[in-house]
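Reading through the structure tokens given below for one structure.
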Amino acid sequence: MIGLNHYLIVAGLLFAIGLIGVIRRRNLLMLFFATEIMLNAANVAFAAISHYYNDLSGQMFAFFIIAIAASEVAIGLGLLILIYKKQGTLDLDDLASMKG
Amino acid sequence: MFEQIAFYLFSILTIGLFLVTVLSNNILYAMTSLASGMVLIAGFFFLSGADFLGVVQLIVYVGAVMALYAFGMMFFDVTKVVKENNTSNVLVFVFGVSIALLMVAMFAAPISPEVIFASVPPEPNATNPEAVGMVLFTKYLVPFEVAAVMLLIAMIGGIILAGKKMDKSLTKTEDENIIQKDVK
């Protein structure tokens, strides 16, 4: 029988994968993909807890997370296009303009 | 029985696909594997009884967000192999997993299962979309409206940010631009 812990372990694994992506990536677009993975992991955990505690609040939170992710992508891609027009690259190390 | 098979199939496939997303050096591979991983995440939602959430995941994530990324691809050079840091992968994995465990422990430590109770139990005799609608338009009405305003602002912001200088091509090389000027 699949219990709550199974879902939470899968969600934790997915979140760890997203976090590995955030640490490892140098390209801004790939960083966006990694954050999407982390948001989805949180959604899976919310839906599973909502099912096993028989409470709809978790699903509501997942809905709002999806709405926030959608607006984040809209604004973020606009900013990425601006950066690409200005600098010609999406590489984080090449974008470092303040030399300390 | 089928639930177990489906759960293990979905979890293995999503973890594999998201690993491809995180580790691949090609943006197109990363994007396609992310999109198919999102479809399988919707399978998790259907398994845990959140039908409406699964449909929203399919429409919004797989339909809208990935299409937006695919359109964004047109502005960037996607055929180029992405350069990555030269740090050792083992170190990154150890750090990533340990930070994730730390965050889970941090947020889960003060919560004991005994104090959790259902504050919004679903209506009996209602299907999942009906119950979701009843809760969303009563208890969560104000956040719902605020989310609508936020989406509107995001749309306007996206149009304004990305819409500047749309007449100039980013992907054409200098020579092509010069040839075009000559033709004119």
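Throughout, read-outs are computed from the coordinates displayed, never taken from laboratory work. Source: prediction; values computed, not measured. Cβ sites come from the backbone with ideal geometry, for glycine too, and all protein chains shown count toward neighbours.
Computed 3J(HN,Hα) for the stretch A:38-55, one whole-Hz value per residue from the Karplus formula 6.51 cos²θ - 1.76 cosθ + 1.60 where θ = phi - 60°, is 5, 5, 5, 4, 4, 4, 4, 4, 4, 5, 5, 5, 4, 6, 7, 9, 6, 9, glycine and proline marked x. Among A:Leu19, A:Leu39, A:Leu82, the residue with the largest mean-square fluctuation in a Gaussian network model of chain A, with springs joining Cα atoms closer than 10 Å, is A:Leu82. In sequence order, what are the phi-derived ³J(HN,Hα) couplings for the stretch B:125-137 according to the Karplus relation 6.51 cos²θ - 1.76 cosθ + 1.60 with θ = phi - 60°, rounded to whole Hz, with x for glycine and proline? Karplus values, whole Hz, x for Gly and Pro: 6, 10, 6, 4, x, 5, 4, 4, x, 4, 6, 5, 9.
For peptide A:32-40, the mean count of partner chain Cβ atoms within 10 Å of a residue's Cβ comes to 6.
Between the stretch B:126-158 and the stretch A:36-52, the C-alpha centres lie 18 angstrom from each other. Near B:Gln57: Cβ cut-off under 13 Å, other residues only, Lys/Arg at +1 and Asp/Glu at -1. The net charge is -2.
Working note: Karplus 6.51/-1.76/1.60 with θ = phi - 60° gives the stretch B:41-53 the couplings 4, 4, x, 4, 5, 5, 5, 8, x, 8, 4, 5, 4 Hz, where Gly and Pro are set to x.
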